[in-house]
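So the structure is just underneath, and the comments pick up after that.
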Amino acid sequence: MMGEVDVAIVGAGAAGIGAARRARDYGLSFVLLEAKDRIGGRCHTDTTSLGATWDRGAHWLHSAAVNPLTRVAEALGHPYLKRESFTDRYLHLGTRLATDEEKRDYEKSIDAAFDAVDALGEAGRDVAVVEALDREGRWYRLIEHVHEAISGFPPERISAVDLHRYYDSGENWPLFRGYGALVEAMGAHLPVSLETPVTAIDWSGQGVAVETPKGTLKAKTVIVTTSTNVLARGLIRFAPVLPARLQAALEGVPTGAANKVAIKFSRDVFGLPDTSYGSLMDERDPARHAVSFQIRPFGSELAIAYLGGRFADEMEREGEAAMIDMAKSAIADMFGSSILGSVEKAVATAWGGDPHTLGAYASALPGHAEARPVLWEPIGERIFLAGEAVHASWFSTVQGAFLSGRDAVERAALAIGHRS
Ligand SMILES: Cc1cc2nc3c(=O)[nH]c(=O)nc-3n(C[C@H](O)[C@H](O)[C@H](O)COP(=O)(O)OP(=O)(O)OC[C@H]3O[C@@H](n4cnc5c(N)ncnc54)[C@H](O)[C@@H]3O)c2cc1C
């Protein structure tokens, strides 16, 4: 790798692809360096493991009506399903369905829980979300599960101020061909160097020297899109080291956990409308964690369990077989154990063990809400962080990552005095 480019972009997930597309539009010279043998990062549509299409990572266009990627999906011919929300769900209490009254009571409780968390955040109280929740309440396990799914951490480890800053229009529209497939299409015509992990970034002189096993590249600026956990754990060596203020901020906004277990059936065992959502909370066993499922997304014979936060982390540590057992026993309780006779195959994700992400999405710890804006600050006017964790109000989402990458290019262009 010879010569000096305007921008080196580290990582070809949504942020890196957003950055590269904008750099190309601006006429900046750039390279896009990706450690994996594929682009997309935490957006990864799997068509091989089960012989059916499912997203191992991101799946829903969040805040879909105002999400810029909804328009991109339309332009690239990736259809989506307009849904109001996830709440049109089947709520199972152990082996029975909740009554309408129970469902209404749960919905009232979760709305009240979100209002209470919002009030804490609005008041600027940078404390744990759990302080606003009634742990003894009947629906706490479901409310905990929803928080873990949203933030990747249990309510004890989520900052109320940070969560309050998240913008959610309430529309979550799944993509028929997968979110991973959309992000892949967005990056299809970009020059990208795959299997090129950046090992070090030297910014001691002018510009930066970006080291990879394939050689060292000189650039005027660098945009780093890797997760906060990858950076905090020093998997890319910076010389000089990152400022202490930034290192502390990375540790204050760690990448949390989320995983899925996808179960493929040989036929329709549910008899529900396509793309249904169901949750299980077992009132017979208070120690059992709540879990939710997508059922037959777009008519496929799949049930996909969603695990977030501590539960996702603990289950991942127990291994794929334990995750599959957990998901099978949950879906059997919900729909009857006879459905297990039609299971063809099941697979589970392990985002925490993925060496290039080390987690799912980032959330500020209690007391660390002000760490997130620090991630946005340029280092030495030539190192810019991007990625989901950096976006002020759309963190933990694909569109937030994408926009942060575009924004980083604008700041890099300004820093080098580039005019498009
Ligand atoms: C299970 C799960 C479900 C989710 N569901 C949704 C959802 O429904 N909707 C939604 O909007 N979001 C969802 N998300 C979050 C969303 O996937 C992420 O916010 C987004 O994809 C992050 O994009 P990014 O570009 O910031 O990071 P990444 O996608 O992680 O991209 C960073 C890239 O950098 C690469 N890399 C790492 N280290 C190096 C290195 N040293 N050198 C070069 N390259 C390197 C990585 O391989 C990766 O490709 C979900 C995530 C998970 C895990």
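The values are calculated or read from the model by the stated rules, or taken from the named source; none is laboratory data. Since the model is a prediction, treat every value here as computed from it, not as a measurement. FYI the Cβ positions are ideal-geometry reconstructions off the backbone, even for glycines, and counts take in every protein chain you see.
One table, with the values for the structure above:
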| read-out | value |
| --- | --- |
| Filtered residues of the range 387-420 (kept if more than 24 Å from the chain's Cα centre (by Cα) and not in a helix (DSSP H, G or I)) | Ile416, Gly417, His418, Arg419, Ser420 |
| Candidate set: the range 372-389, residues that are of a type in the set (A, V, I, L, M, F, W, C) and touching a residue at least 40 places away in the same chain (Cβ under 8 Å); chosen: the one surrounded by the most Cβ atoms within 10 Å (Cβ to Cβ) | Ala386 |
| Residue within the range 232-252 that is at negative phi, in contact with a Pro (Cβ under 9 Å, 6 or more places away or on another chain) and not small (Gly, Ala, Ser) present | yes |
| Within the range 1-114, strands (runs of 3 or more DSSP E) holding 2 or more residues that are within 12 Å of the ligand (Cβ to nearest atom) and not assigned by TED's automatic domain parsing to the domain that holds Glu320 | 4-10, 30-33, 60-62 |
| Answer from Ala327, Ala322 - the residue that is of a type outside the set (S, T, N, Q), assigned to a helix (DSSP H, G or I) and within 16 Å of the ligand (Cβ to nearest atom) | Ala327 |
| Filtered residues of the range 276-301 (kept if touching a Leu at 6+ places or on another chain (Cβ under 7 Å) and outside any loop (DSSP other than H, G, I, E, B)) | Ser279, Met281, Val291, Ile295 |
| Out of Glu131, Glu136, sole residue that is in contact with a Leu (Cβ under 7 Å, 6 or more places away or on another chain) and surrounded by fewer than 20 Cβ atoms within 10 Å (Cβ to Cβ) | Glu131 |
| Conditions (1) under 28 Å from Ser204 (Cβ atoms); (2) of a type in the set (Gly, Ala, Ser); (3) surrounded by fewer than 24 Cβ atoms within 10 Å (Cβ to Cβ); (4) in contact with a Phe, Trp or Tyr (Cβ under 6 Å, 6 or more places away or on another chain); number of the one not met by Ser393 | (1) |
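A quick yes/no check of all residues on (1) of a type in the set (A, V, I, L, M); (2) modelled with pLDDT of 95 or more; (3) more than 16 Å from the ligand (Cβ to nearest atom):
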residue: Ile304; (1), (2), (3): yes, yes, no
residue: His356; (1), (2), (3): no, yes, no
residue: His368; (1), (2), (3): no, yes, yes
residue: Ile383; (1), (2), (3): yes, yes, no
residue: His391; (1), (2), (3): no, yes, no
residue: Glu410; (1), (2), (3): no, yes, yes
